[in-house]
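Notes follow the structure.
The values are calculated or read from the model by the stated rules, or taken from the named source; none is laboratory data. All values derive from a computational prediction rather than experimental measurement. For neighbour counting, all protein chains shown are included, and Cβ atoms are generated from backbone atoms with ideal geometry for every residue, glycine included.
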Amino acid sequence: MENREFRAVKDYEIRQIQDTNTTEIDGYIAKFDSPTELFQGFYEKIDRGAFDNTLKDGHNIFLLYHHDWSKPLASTQTGTLTLSVDNVGLRFNATINDNLSYGKDAIELIKQGLISGCSFGFTCVRESNEYNANDDSIMRTLLEVELYEGSILCIPQYEDTTVFARAKEIDSKERAKLEQAKQNELDLELIKLELDLDN
């Protein structure tokens, strides 16, 4: 899955549902307009409209345990996972079957505080990149993503090699564009200077 990326966010709540052998988990898969530094000088944030199209198209989106496709916890097509956008970000509500052994493990780890966040797997459809000359940084904004899954996991950080490889690739491309733009400006100045000298 080339160009597939993963991002993370902390905090959610759990509720045991009486007499149903299920547990509900609420939280955010992603939060909007919250810049995160993926590495020095490269920041990323999520636009408020980034999930609009992917939620409308009706494809099945899963909640997984640790990005493991062999350990699904809930899904939109089964009605056990609902996703909605609010002012904060992409909110989820998942109903997990307590009879699943890894589901039980996940719930117990959440209760103990050993699992404390969510991550999501996606492909970027549209993005913007802005260079800040004052601090030599780049801000990447995810404008539209295709969402495949959300995951609950122990370490909800950005330290996935896929994230860094992709971010480094974007960073080098943007800096190459900037160098080319600077060179173009210099070329134009030289042409103007030559024209002035000729006159």
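General observations
- Tally of residues being buried (at least 20 other Cβ atoms within 10 Å of the Cβ) and either under 18 Å from Pro72 (Cα atoms) or at pLDDT below 85 (or both) across region 118-147: 6
- Phe164 satisfies every condition listed in (1) surrounded by fewer than 16 Cβ atoms within 10 Å (Cβ to Cβ); (2) at pLDDT 60 or above; (3) of a type outside the set (Gly, Ala, Ser); (4) over 26 Å from Val85 (Cα atoms) except (2).
- Residue list for region 84-93, restricted to those being over 10 Å from Gly150 (Cα atoms) and either in contact with a Ser or Thr (Cβ under 8 Å, 6 or more places away or on another chain) or not in a loop (DSSP other than H, G, I, E, B) (or both): Ser84, Val85, Gly89, Leu90, Arg91, Asn93
- Sub-6 Å Cβ pairs linking a first residue in region 31-43 that is surrounded by 13 or more Cβ atoms within 10 Å (Cβ to Cβ) to a second residue that is β-branched (Val, Ile, Thr) and modelled with pLDDT of 80 or more, at least 6 apart or interchain, are Lys31/Val88; Phe32/Ile46; Phe42/Ile138, ordered by first then second residue.
- Residue tally, condition more than 19 Å from Gly117 (Cα to Cα) and surrounded by 14 or more Cβ atoms within 10 Å (Cβ to Cβ), over region 60-79: 1
- Cβ separations smaller than 7 Å between residues 6+ apart or across chains give the following pairs from region 56-68 residues that are touching a residue at least 60 places away in the same chain (Cβ under 8 Å) to residues that are part of a loop (DSSP other than H, G, I, E, B) and of a type outside the set (Lys, Arg): Ile61/Thr76.
- Qualifying residues in region 94-112 (those that are part of a strand (DSSP E or B) and over 13 Å from Ile152 (Cβ atoms)) - the one nearest to the chain's Cα centre (by Cα): Thr95
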